[in-house]
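Below is one structure, written out as C-alpha cells; the observations come after it.
The values are calculated or read from the model by the stated rules, or taken from the named source; none is laboratory data. Quantities reported herein were computed from a predicted structural model and do not represent experimental measurements. A quick note on method: Cβ atoms are made from the backbone with ideal geometry, for glycine too, and the neighbour counts reach across all protein chains shown. All accessible areas refer to the heavy atoms of the entire protein, side chains included, with ligands and DNA or RNA removed. Shrake-Rupley method; radii C 1.70, N 1.55, O 1.52, S 1.80 Å.
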Amino acid sequence: MGSASGAPHSPVALITGGGSGIGAAVARQLLEAGYRVTVTGRGEERLRAFAADLGDPEDLLTVTGNAADYASVESAVGRTLDAFGRLDTVVANAGTATHDSVAEGDPAGWTDMVLTNVLGPALLIRASVDALRQTRGRIVLVGSVAGFVPTPGNIYGATKWAVTGLAENTRRQVTEWGVGVTLVAPGRVETPFWDGYGSLPPGHLLTADQIADSVVWAIRQPAGVDVNTVVVRPIGQPN
C-alpha cells in the first residue's frame, strides 16, 4: 500500500491504550502498512516517548485520555476525523488487571478495571460507529483467553467474558451497516500487563508483535469478509 504520507485515501485507525504492549505493536505495524494512526493512552509521557521512538511521523496522532470516559473517547474520535478526514478501524485495546481474586482481592481496584475493560470498548464503539458506517470499517476488541476459560476467582476474567459477549452483540447490530467486528483473544503475552503481578507468568509467552500480526491480519481482510473470533495462545499454554 506504501506510506503515502497524509494521503486522504489512506486508511485510518484509532487504537486505545496504544502507547505500549499490544496497542503499540499494532500501531507500528499499521503505520508500516501505510495507515494513518491515532493512539490514545492515559500517560502523556509514554505517548510522547512512543511517538519519538518512531521518529514523530506525521501520520501518527497521539491523544491523552481515559478510555472509560465518554467525553474523552468522543474527543479522540473527533480529533482523528479532524486530522485525517475519515476513520476505518478502531482497536479497543486499553485494559487493566488487578491480578487478584473475587474472594480474597482488594475491591478498591475493581471499579477502574471494570470501567476500563468493559465500559471502555462500548464507549469506543458508540463514539466511532457513525464514522465506521461511512467507511464500512472494522471494530477490533482485544479480549482474552480468560474470557473463554474460567479460572478460580478471576474477576479480570469476568470482565473479559463481558468483552466476548460485547463483540458478538455488537456484530449482530453493525453487520447490517457493513461494519465488521473482530474479537482477538490473546493467551499469555509478554507486555507491561504483568507489571502489577510481580513477575511474568511461567512458560512460553507470545510477543506483542505476534498478537499484533493477528490484529492486522483481521483488519486487512478483503472487503466483505468478517473474521469474528481469533483466539491466540502460545504453544505450551494448556488452558
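Some observations on this one:
- Test set (1) open to solvent by less than 60 Å² (accessible area, probe 1.4 Å); (2) at pLDDT 95 or above; (3) small (Gly, Ala, Ser) - ALA97 fails condition number: (2)
- One residue stands out in the stretch 182-203 among those that are outside any strand (DSSP E or B) and open to solvent by less than 60 Å² (accessible area, probe 1.4 Å): the one that is modelled with the lowest pLDDT, namely TRP194.
- Residue in the stretch 160-181 that is out of contact with any helix residue (DSSP H, G or I) (no Cβ under 7 Å at 6 or more places or on another chain), within 20 Å of SER214 (Cα to Cα) and modelled with pLDDT under 95 present: no
- Only residues that are surrounded by fewer than 20 Cβ atoms within 10 Å (Cβ to Cβ) and within 16 Å of the chain's Cα centre (by Cα) were counted in the stretch 138-160, giving 1.
- For the stretch 118-137, filtered to residues that are closer than 15 Å to LEU166 by Cα, of a type outside the set (A, V, I, L, M, F, W, C) and open to solvent by less than 20 Å² (accessible area, probe 1.4 Å), the residue that is farthest from the chain's Cα centre (by Cα) is GLY120.
- Applying the condition of being within 14 Å of the chain's Cα centre (by Cα) and assigned to a loop (DSSP other than H, G, I, E, B) to the stretch 95-116 and asking which residue is farthest from HIS9 (Cα to Cα) yields THR96.
- Extreme residue, nearest to LEU123 (Cα to Cα), among residues of the stretch 63-94 that are open to solvent by 30 Å² or more (accessible area, probe 1.4 Å) and not in a helix (DSSP H, G or I): ASP69
- Of all the criteria given as (1) at pLDDT 95 or above; (2) touching a Gly at 6+ places or on another chain (Cβ under 6 Å); (3) surrounded by fewer than 23 Cβ atoms within 10 Å (Cβ to Cβ); (4) of a type outside the set (A, V, I, L, M, F, W, C), the one not satisfied by GLY41 is (3).
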